[in-house]
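Student: My structure is below; once you've seen it, I'll send some questions.
The values are calculated or read from the model by the stated rules, or taken from the named source; none is laboratory data. Just so you know, these numbers come straight off a predicted model, no measurement behind them. Because the Cβ atoms are built from the backbone with ideal geometry, glycine has one as well, and the counts that use them run over all protein chains shown.
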Amino acid sequence: MTLAIAVQYPYGKLARAFHSLAQIRDIRYPEAIIFVSDSRWSYNNPIMYEDIGAKIWDINNNTIVSYSGDVKVAELCIEEFKKKVNNPNVRSFSATGTFQHIYKYHQKSDPSVKRLLLLLGSYLVNKGARLVYLESPNFRPINITGVKGIGNKEAFNDVIKEVEPKINDPSLYTGTEKDYFTVAMYFVDAMRRLAVQNADYKDIGGPIQCRILDCNGITTPSISFTSDPTGKTDEWHHATVKSGEITTFRKRWNLKVNYLNSRSFGLYSYCD
């Protein structure tokens, strides 16, 4: 299991206010999608895990995907999707069809393949920020307005219960890019404390991954925390991943493109 969350900006009351105003006159307001995720790979053996898994993937400069579920199939689906998106010779294709094909093919050859959940965020000049949720085996796209969490539902409820009142307060917003980082900071801090540090969620762990997608592309914020900003009694600690801390499953186990030699490592199940 894992915990991955994607939230749209503007959110809640502010979003509704902007949408209502847009019905009266033509206005443009900043939009973004903020992704946060943990980094833990869990295995069938309950005491075996690794906190190095890449859970948020940059597809191109205006598309992000995050996953929860079967790691092997997730990476294969995302890699094939990324390959098609960035192939100049492919003018159009079905993301749903791509995910279905990869998932069902591997499910047929390996009955132990587990459920796969995807969050897909995109930013198009004429359409703004869009967040879509897809779930195996059919991967029917469901448009999300607001916030969506995949993975450990109890942990998500803990995080959103604390964060939702903060990001639903219009008075905190400035209407600038600074707001994206404020939302990201709230979610990263809550996930770190409530889902990783101060909770007994054995399927969630590691440094927090974070991405912000807006009209300027993808940003990877570096967020730290301290109990004393003066530095007298505490230093700054990284909450988000640092360079080299996470990797893909294929690179971790030096697998071939189709991952089919994974059994030689005894890793018969890997699910987040």
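Student: Could you check segment 191-215 and list, in sequence order, the residues that are assigned to a loop (DSSP other than H, G, I, E, B) and in contact (Cβ under 8 Å) with a residue 12 or more places away in the chain? Even if it seems obvious, please write down each step before you answer.
Tutor: Kept after step one, since they are assigned to a loop (DSSP other than H, G, I, E, B), are these residues of segment 191-215: 198-207, 215.
199, 201, 202, 203, 204, 205, 206, 207, 215, listed by residue number.
Student: Taking only pairs six or more apart or across chains, which ones have beta-carbon atoms under 7 Å, a first residue in segment 54-68 that is more than 14 Å from residue 208 (Cα to Cα), and a second residue that is surrounded by 24 or more Cβ atoms within 10 Å (Cβ to Cβ) and modelled with pLDDT under 95?
Tutor: 68/2; 68/272
Student: Inside segment 17-79, counting only strands (runs of 3 or more DSSP E) that do not spill past its ends, which hold 1 or more residues that are more than 26 Å from residue 160 (Cβ to Cβ)? Steps first, answer last, please.
Tutor: Working: elements: 32-37, 41-43, 56-60, 63-69.
Strands (runs of 3 or more DSSP E) meeting the threshold: 41-43, 56-60.
Student: Let me ask something else. Considering 60, 44, which residue is over 19 Å from residue 249 (Cβ atoms) and either over 10 Å from the mean Cα position of the chain (by Cα) or of a type in the set (Lys, Arg) (or both)?
Tutor: 60 is the lone residue from the list that is over 19 Å from residue 249 (Cβ atoms) and either over 10 Å from the mean Cα position of the chain (by Cα) or of a type in the set (Lys, Arg) (or both).
Student: So residue 249 passes all but one of these: (1) within 19 Å of the chain's Cα centre (by Cα); (2) surrounded by fewer than 19 Cβ atoms within 10 Å (Cβ to Cβ); (3) among the aromatic types (Phe, Trp, Tyr). Which condition number does it fail?
Tutor: Only one criterion is unmet by residue 249, namely (2).
Student: Would you mention how many residues in segment 91-138 are closer than 19 Å to residue 75 by Cβ, outside any loop (DSSP other than H, G, I, E, B), touching a Lys or Arg at 6+ places or on another chain (Cβ under 8 Å) and of a type in the set (Gly, Ala, Ser)?
Tutor: 1
Student: Now for a separate question. For a quick check of your reading of the model, give me the residue pairs whose first member lies in segment 161-174 and is surrounded by fewer than 17 Cβ atoms within 10 Å (Cβ to Cβ), whose second is outside any loop (DSSP other than H, G, I, E, B), with beta-carbon atoms closer than 6 Å and at least 6 apart or on different chains.
Tutor: That search, which allows pairs on different chains as well, returns 162/190; 166/186; 168/12; 168/13; 170/13; 170/14.
Student: On the basis of being touching a helix residue (DSSP H, G or I) at 6+ places or on another chain (Cβ under 6 Å), in a helix (DSSP H, G or I), in contact (Cβ under 8 Å) with a residue 12 or more places away in the chain and not polar (S, T, N, Q), does residue 188 make the cut?
Tutor: Numbers: touching a helix residue (DSSP H, G or I) at 6+ places or on another chain (Cβ under 6 Å): no; in a helix (DSSP H, G or I): yes; in contact (Cβ under 8 Å) with a residue 12 or more places away in the chain: yes; not polar (S, T, N, Q): yes.
The answer is no for residue 188.
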